[in-house]
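The values are calculated or read from the model by the stated rules, or taken from the named source; none is laboratory data. Bear in mind that the values here come from a model prediction, so they are computed numbers and not experimental data. Here the Cβ is made from the backbone with ideal geometry for all residues, glycine too, and neighbour counts use every protein chain on show.
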Amino acid sequence: MANLLYYARRKKNVKQYTMAKDLGVSPSYLSKIETGAQAPTEKFRKACSDYLGVPQKQLFEENNDGFMQKIEKGLGNKIWTIRRQKGIKQYDLAQKLKVSPSYLSKVETGNQEPSAKFMKDCARVLKVSEQELFPAKK
């Protein structure tokens, strides 16, 4: 993963469109930065840090295990992390799980409590244990 900008933004409950507009960039540009498809400028790194109230070093350094654990604890699950590590798009995972992308997004961000069946199916599809995927649930 290129940076933790996505996690920090979601933890603060800020929509991508809103943050992009507030920072004077396109949502597409912000998405590319979040996914690591494009490197941020120093000016943009500072703007993100100021906007989210998170030090640049935590947002844009590869080795941020402590910060990542804090964010994942807030999310309550590791679906997004594992899905991204495996290169699976949210839409594709939602189809495999027979749920809407909107529902999956809500579960990933901790805004929706997943059912026991969803947790079991998600672990099976991602080929990880339920405990690994939902550490706060067990």
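Here are the numbers for this structure:
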{"read-out": "Residue that is modelled with the lowest pLDDT, among those in the stretch 101-124 that are buried (at least 16 other Cβ atoms within 10 Å of the Cβ) and hydrophobic (A, V, I, L, M, F, W, C)", "value": "V107"}
{"read-out": "Close pairs from the stretch 86-104: first free of Cβ contacts under 8 Å to residues at least 40 places away in the same chain, partner among the β-branched types (V, I, T) and part of a helix (DSSP H, G or I), Cβ under 7 Å, at least 6 apart", "value": "L93/V125; K96/V125; L97/V125"}
